1. Past 22 Å, Cα to Cα, is the threshold; run A:LYS158/A:LYS194; B:LYS114/B:LYS136; A:LYS261/B:LYS291; A:LYS194/A:LYS261 against it and keep the listed order.
2. Toward the positive end of the charge dipole of the stretch A:19-83, about the Cα centre and with charges on Cβ (Lys, Arg +1; Asp, Glu -1), which of A:CYS70, A:ALA43, A:THR28 goes farthest?
3. Most mobile of A:ALA295, A:ALA110, A:ALA52 per a Gaussian network model of chain A (Cα springs, under 10 Å)?
4. Karplus couplings for the stretch A:174-185 from phi (6.51 cos²θ - 1.76 cosθ + 1.60, θ = phi - 60°), rounded to Hz, Gly and Pro as x?
5. What is the spin-label model distance, in nm, from B:VAL287 to A:LEU50 if the labels are put 7 Å beyond Cα along the C-beta direction?
6. So what J values fall out for the stretch B:42-57 if you push phi through Karplus, 6.51 cos²θ - 1.76 cosθ + 1.60 with θ = phi - 60°, rounded to Hz, Gly and Pro as x?
7. Classify the stretch A:134-210 from the C-alpha gyration tensor, please: rounded if a/c falls under 1.5, else prolate or oblate depending on whether a/b exceeds b/c.
8. Sequence gap at least 6, Cα distance under 8 Å: using those rules, report the relative contact order of chain A to the nearest whole percent.
Amino acid sequence: MTRPNSRPFGPVPPTAARTVRCPICLDTFAWPADGVFYERNGAEFLPVDLTAVTDERKRADILRSALLRCPNPSKDSTTHYLPAVYASYAKPLVIGMVGGSSSGKSHLLAAMIAAIEAGELLPYGLTCRPVDFNLHNEFLQSRARPFTMHGKKLEATKEGVTSYADALLVSSSAGTWPVAFFDIAGGDLGKVGKTGRFLAGAGGLIFVVNPSMALGMSTDEDPSPAVGGIDRSDDAFATVLGRLGGGARLIDVPAAIVLNKSDRLRFLPPVDSWLRLTGTGQVDADQIRAESRDAYAFLHLHNARAWLRPFHECRSCTLHFVSATGAEAVGGVFPRGVRPRRVLEPLIALMAMVGIISGPEAAEVGKR
Amino acid sequence: MSENAEQKLGYRDQHGRHRTLTVRHGTAPTPTGSGILARSLTSDDGVTVVKKWLPADVVSEQAWLCDLLENEARAGMRLAGRFPVDYPAEVTHLIGYDLDGEEPFVLLAPARGKPLAAAHQLLVDEQLRFQVSLLKGLLILAEAGTVHGNLSPTTVRWDGVAVQIGDFFHSAAVGDARPLRSLRSSPMGSAAGVRQPTTSTVTTGDDVWAVGLLILHQATGSTDHADLANRGPALRALLEDVFTEPAHRRPTAAVLLRRLGTAPQLPARDEHMARTIAEGQRMFDRVLAEKWPTSNRPAPPMPSMPPSATPMPSRPPRRPAADRPTGRPLPPEPTKPASASSGGLVTPARIVLFLIVALLALIVVVLVLP
């Protein structure tokens, strides 16, 4: 029974066939109405027997954390799974974190998820729930909390990982979207391989600029890659931009450029003023534009034009000063704790550009 | 650190770049207030710096004190950015900082002179030199977009030639949201905007009150500004409107210097940097316009940048979120050319037209009637 506007016990997989694009293998397939669902058991995936579960509330609860094995019609990927609720809402949004090794993508994503978990999107009219409870809990326990609560520096993302790191159901007055976050190793992003395949289905990109590479502002734990000069390009940015757009002059994937680790720049105008701002709970297109303009001019001033490419090549693109950590790590820890700054601003801009945050003001974000 | 133990200090310099300084000789730590300690350190090649830091146990118990060192570093960076060459003697010189370790610290060039609180009473012929130098210091702060926030006999030094303003622990940038609870109640340290916060953001006028008190105190030994009317005419003229509310109505440093018949020249700004930034702004605007040629919303006017260490183009909103109006200002109505057909306004053209019509009607009436 389909009840599109009445889900007292949470979403259920659609009973009518719906075509879905898998964000991992990029194949499209008809979502099976009565497919076999699985549950995680450590590293294993075990089938869930729902035949005897007739109670609607119980069934919905089981399905909240259940997974569907992607049929991968082209048979070119290893076995992978999608959340059972993936096809139950509006077209899923895939957000990719793009940046070289040591750019801070993983710390940024961990700080974002922690801030969302702390309710910092609520003032914007956004509520978030996990798509895959087990995966979300695992992300919180292994990534977000060790970092934000215990001040531990995260290990680099493993190469070869092709799946999303976490996924949330984001609801606004405009609807509900599954939003999947991909955090692929920087080394993999610089190559044209399977691991970056999700990019072709991405609905939003967060390009992460490392000031060590772009500005030459290094530390002992994050040295500049080139001795005697600064590498003036970013393989991850170049490869990702090269994979998108299909040759069109402008890429129609909303993007946000994040000047990460801005704590290193926190005493330099105008970074100092931007980093002190806190979210207002309202989308302000003019303010986002002013910050974008400042960040563009700042990167231009430091001859970091390679990191401005997404702005030139993506039709909708904003720029942001962000610090996922608020401080430098010393010996693998943050002695004074972690103090993330403005980590949700890029995500809010992206959500405005894709329409999750709606309204006339949000519609102007990334435009004039 | 024992007095001669070698110590390597890793820090960021005025450009935000990582540096290391090896120091050996050090003086005993002395408290500077608010839990912050200071000591002089000298390297093997004879470079002496002053390190101000918070001990780890203080940081763990009173983490908010780190904000004081953050303010010191921020002000120093703004000043160093505005005066990359010919750094003025009237303000302390930041060498670097590391505020992320267990014992956050700033490094400063050694201070000159003595705090006013410990200096001798200024001689009459010193008074004018002192006033000019102090006001020049105020001008320098304004140029760097910095407000000291605690100018007092302990934070202002005098060496007989020039003042030196230091201890920027309570400083802020012009345009910052004004802290809700701020500063001290020291006899001199009542930078007015704090006492009566009639503006929601920090302005250059905030320091003017405290500068006026310092001048008044050095000239008369009193800080009773209410008694200014009974002082000599020169002092009255100099300090006119200095103790006025709100802060932005007080005279600027440049005005006060003109009252003393002087206008110190400050080093020129880095024009190359300003040009490059302006070039970046233009590129941003052009690319955006090319990507969205049909967007019908006009570009928002960018507020002009107040003086700052690095003249960047636009600023974040100066008011805190809570102070901002909830509604957005409506875009300006497109201007319409005045015409006879447009309704509403009585214009000279309309009056002339009305008179012509009335005259023609009168002629018709005269001709038609028998």
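1. Numbers: A:LYS158/A:LYS194 14 Å; B:LYS114/B:LYS136 18 Å; A:LYS261/B:LYS291 29 Å; A:LYS194/A:LYS261 29 Å.
The pairs that break the limit, which is 22 Å between Cα atoms, are A:LYS261/B:LYS291; A:LYS194/A:LYS261.
2. A:THR28
3. A:ALA52
4. 8, x, 10, 10, x, 10, 9, 9, 9, 10, 9, 3
5. The modelled label-to-label distance comes out at 4.7 nm.
6. Working through the residues one at a time gives 10, 7, 4, 8, x, 7, 10, 10, 10, 9, 10, 8, 10, x, 4, 5 Hz.
7. Working: a/c = 1.83, a/b = 1.03, b/c = 1.78.
Oblate, because a/c is 1.5 or more while a/b does not exceed b/c.
8. Details: 751 pairs, mean separation 62.0, N = 368.
In percent, rounded to a whole number, it is 17.
All of the numbers you see were taken from the coordinates with simple rules; none came from a lab. Since this is a predicted model, take the numbers as computed values, not measurements. Glycine also receives a Cβ, built like all others from the backbone with ideal geometry; neighbour counts cover every protein chain displayed.
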